[in-house]
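The values are calculated or read from the model by the stated rules, or taken from the named source; none is laboratory data. Everything numeric in this text was worked out from a predicted model, so none of it was measured. Cβ placement follows ideal geometry from the backbone for every residue including glycine, while neighbour counts extend to all protein chains displayed. For accessibility, only protein heavy atoms count, side chains too; no ligands or nucleic acids. Shrake-Rupley method; radii C 1.70, N 1.55, O 1.52, S 1.80 Å.
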Amino acid sequence: MFAYYMYGLGIHSELTLPGLVNGEARQDVFVRFGELDPDFAPADATGYSFQTLVDGVHFGWEGIARLRIREGQEITIAPYPGVEDGLVRALLLGPALAVVLHQRGFLLLHGSAIVLHERAVAFLGQEGVGKSTTAATMHGRGHAVMTDDVVAIQTNASFPLLFSAYPQLNLWPDAVASLGRDLAALPRLHSRVEKLAFPAMLGFPQNPLPLDLLYVLGKGSCTEVETLRPQEAFVEVLRHSYGTRLYQAGAAPEHFRRCARLVTAVSVRRLRVRQTLAELSSLAQLVEEDAAKTRACRS
């Protein structure tokens, strides 16, 4: 097995996971190949299937793989014959590990996160609004990246803690080009998407950090920021929760409580941005200045 470390967990996997931090000491989650029932749940129109059974959470994507996750510590993968490893990795590092984290009591949001003033700052938003590109721009200005896509937060501590995933961002080619990087030097995530694996090793923190700010990205005619009222913040955190199927039935009340604890402890801002790569520098400067003011007010 290959040993890695992410989200504060030791991951031991039979599938290689390039880009992750190596870690031999902890043994929290095991990823193995195995046989699974091919008829566990009917697929929807996109080919995705999801079902919670007595022996764990089952999900899969037609033509890629079926997976089972049990007790936050065991992932079994049954790939379809001939499928490329990159597609299986995408399922493992996204929805499969999200289920693991959910089973371990984390609050999961769809976004990216960086480090500012030794604290975590996260960017939430709909697909394509620029979460990863914003994080990459901040990284280019010397700020460490903590995670991309799945933001994992513990809300039962005295202050919400955000856990690092692995030092990589998934970026579209035009975003990579705007950052001055050579497209040919970066690998594609897999054959079904044009996104590239953008390394972000600078200052990558392996330990969790207190979460200081949440920015909800949205389109606007100019770049501006506003603080949301608690009720608005709660709605946005719910809206940008990762993997809504995880919170069906009995899991929903606890998810609501975690969201409520988060918005009580952390300032949530709406960050309206113009959807142009030319505005990225102004956006990054605005975030730096806003975060500095927040820190000064709390000192």
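What are the residues in the range 67-86 that are of a type outside the set (D, E, K, R) and either assigned to a strand (DSSP E or B) or crowded, with 20+ Cβ neighbours inside 10 Å (or both), if any?
Keep residues of the range 67-86 that are of a type outside the set (D, E, K, R), which gives 67, 69, 72-73, 75-83, 86.
L67, I69, I75, T76, I77, A78, P79, listed by residue number.
Scan the range 256-299 for residues that are assigned to a helix (DSSP H, G or I), over 13 Å from D212 (Cα atoms) and touching a helix residue (DSSP H, G or I) at 6+ places or on another chain (Cβ under 6 Å) and jot them down. Spell out how you get there, then give the answer.
The first filter runs over the range 256-299 and keeps only residues assigned to a helix (DSSP H, G or I), leaving 256-265, 277-298.
Cutting the leftovers down to over 13 Å from D212 (Cα atoms) gives us 256-261, 277-286, 289.
Once the filter is applied, which keeps residues that are assigned to a helix (DSSP H, G or I), over 13 Å from D212 (Cα atoms) and touching a helix residue (DSSP H, G or I) at 6+ places or on another chain (Cβ under 6 Å), the range 256-299 yields C259, L277, L280, A284.
Among the listed residues R269, R239, R188, R245, identify the single one that is over 18 Å from the mean Cα position of the chain (by Cα) and either open to solvent by 40 Å² or more (accessible area, probe 1.4 Å) or under 23 Å from W172 (Cα atoms) (or both). Steps first, please.
On the way: R269 fails: either open to solvent by 40 Å² or more (accessible area, probe 1.4 Å) or under 23 Å from W172 (Cα atoms) (or both); R239 fails: over 18 Å from the mean Cα position of the chain (by Cα); R245 fails: over 18 Å from the mean Cα position of the chain (by Cα).
None of the others qualify; the one that does is R188.
Could you grab me the full set of residues in the range 128-173 that are in contact with a helix residue (DSSP H, G or I) (Cβ under 8 Å, 6 or more places away or on another chain) and of a type in the set (K, R)?
Matches in the range 128-173: R141 only.
Name the single residue, out of those in the range 41-59 being open to solvent by 90 Å² or more (accessible area, probe 1.4 Å) and outside any strand (DSSP E or B), that is farthest from A96 (Cα to Cα).
Just the residues of the range 41-59 that are open to solvent by 90 Å² or more (accessible area, probe 1.4 Å), to begin with: 42, 45-46, 52, 54.
Narrowing the set further to residues that are outside any strand (DSSP E or B) leaves 42, 45-46, 54.
Working: P42: 18, A45: 20, T46: 18, V54: 17 Å.
Among those residues, the one meeting the criterion is A45.
Looking at (1) surrounded by 15 or more Cβ atoms within 10 Å (Cβ to Cβ); (2) of a type in the set (A, V, I, L, M); (3) in contact with a His (Cβ under 8 Å, 6 or more places away or on another chain), which one does M1 not meet, given that it meets all the others?
Failed condition: (1).
Considering (1) more than 30 Å from G72 (Cβ to Cβ); (2) open to solvent by 90 Å² or more (accessible area, probe 1.4 Å), say which one T264 fails and leave the rest.
Here T264 meets the rest and fails (1).
Out of all the residues in the range 20-40, which are more than 14 Å from Q73 (Cβ to Cβ), open to solvent by 20 Å² or more (accessible area, probe 1.4 Å) and modelled with pLDDT under 90?
Listed by number, the residues that qualify are E24, A25, D37, P38, D39, F40.
Restricting the search to the range 258-281, which residues are more than 16 Å from L162 (Cα to Cα) and of a type outside the set (G, A, S)?
Selection gives R269, R270, L271, R272, V273, R274, Q275, T276, L277, E279, L280.
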